[in-house]
Amino acid sequence: MDNCRKILVSGIASLNLNVTDENIDQLLNFIKLIEKWNKAYNLTAIRNREEMARLHILDSLSIIPHIESKRVIDIGTGAGLPGIPLAICLPEIDFTLLDSNAKKTRFVQQAVLELKLKNVEVIHSRVENYHPEQAYDAVLTRAFAGLADIMKLTAHLLAQDGVLLAMKGQTPDAELAEIAAKKSVISVSVPGADVERCLVRIQLPEQAEVS
C-alpha cells in the first residue's frame with residue numbers, strides 16, 4: 001500500500017486539505033476493504049488499488065471545500081463513495097449513506113464498523129421510500145441520475161434552505177438547462193487523474209418549487 005499512501009499524501013497536499021495521518025490510514029484501510037469485498041460483491045469496476053486511490057478516494061475528497069452542511073445524505077452511495085472518504089476526513093459532519101442495493105449497503109455497514117466511524121448511518125432503501133425524521137442540509141450524489149430526476153427524487157429529504165450537490169464529469173449543459181432553481185457549476189480537479197470533473201450546486205429555497 002506504499003504507492004497508495006504516496007498518491008493520497010501527495011493528492012491531499014495538492015487539494016490543500018487538513019487531513020491527519022490517522023485519516024490516511026483509515027482511507028488506506030477502506031481501499032483494502034473494497035479490494036477484499038470486490039471479488040465477491042462486484043462493488044466497483046476499478047480493480048487497481050492505485051486507481052482506487054485516485055478515482056475513488058481523491059475524487060471524493062476533492063469536493064470537501066464545498067461542503068458547508070452539518071447533516072449530509074449521500075444518495076446511491078454504492079461502495080460508500082463519496083460518503084465514507086468524506087466521513088473519515090470530516091468527523092464533525094453527520095453522514096447518511098443510502099443505496100437500494102443490499103449487497104452494497106452490507107459492505108458499507110461493515111466498512112463503517114471496521115473503520116470505527118461514529119458519524120455514519122447506513123440506509124438500505126430506494127430514495128423515494130426513505131422519509132427521515134429530520135431533513136438534511138445537503139443531498140450529495142455521484143453519478144446517480146440526471147439533475148432533474150435527482151431533484152424530484154430527493155426534494156423531500158432537504159431542509160427548506162437545503163442544497164443539492166451533484167458530482168458530475170463534464171459540465172451537464174443539457175441537464176442544467178432543464179432546471180429553474182438557482183444553480184452553479186464548480187470546476188473540480190482530481191490530483192493525478194486525467195479526468196474532467198465538476199460539482200453542480202443547486203439551491204432549493206422552498207421545496208414547493210420542485211415539482
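I want the local charge near residue 70. Using Cβ-Cβ distances under 11 Å, sum +1 for each Lys or Arg and -1 for each Asp or Glu among the other residues.
Around residue 70, the charge tally is -3.
Below 8 Å, C-alpha to C-alpha, sequence gap of six or more: please give me the relative contact order for segment 61-209 in percent.
21 percent
Quick one: check the C-alpha center-to-center distance for segment 27-77 versus segment 89-155, whole angstrom.
What the calculation gives is 13 Å, centre to centre.
Calculated from DSSP H runs of 4 or more alone, at -39500 (n - 2.57) each and per residue, what is the 222 nm mean residue ellipticity of the chain, nearest 500?
-10000 deg cm²/dmol, from helical runs alone.
In degrees between 0 and 90, to the nearest 10, how far off the longest principal axis of the chain does helix 102-114 point, with axes built from Cα atoms?
Here the helix axis deviates by roughly 60 degrees.
For residue 133 and residue 100, what is the calculated FRET efficiency with R₀ set at 30 Å and r taken between the beta-carbons, to the nearest 0.05?
Calculated transfer efficiency: 0.90.
Can you give the angle from 0 to 90° between the axis of helix 21-41 and the longest principal axis of the chain, with both taken from C-alpha atoms, to the nearest 10?
With rounding to tens, the tilt is 80 degrees.
Based on the alpha-carbon gyration tensor of segment 1-115 and its eigenvalue square roots a ≥ b ≥ c, which shape applies: rounded if a/c is under 1.5, prolate if not and a/b is larger than b/c, or oblate?
Because a/c hits 1.5 or more and a/b fails to exceed b/c, segment 1-115 counts as oblate.
Rounded, prolate or oblate: which fits segment 107-211, taking a ≥ b ≥ c as square roots of the Cα gyration tensor eigenvalues, rounded meaning a/c under 1.5, else prolate when a/b beats b/c?
Since a/c reaches 1.5 but b/c is at least a/b, the shape of segment 107-211 is classed as oblate.
Bear in mind that the values in this text are calculations on the coordinates, not laboratory data. The shown structure was predicted, so the numbers you read here are calculated from the model rather than taken from an experiment. FYI the Cβ positions are ideal-geometry reconstructions off the backbone, even for glycines, and counts take in every protein chain you see.
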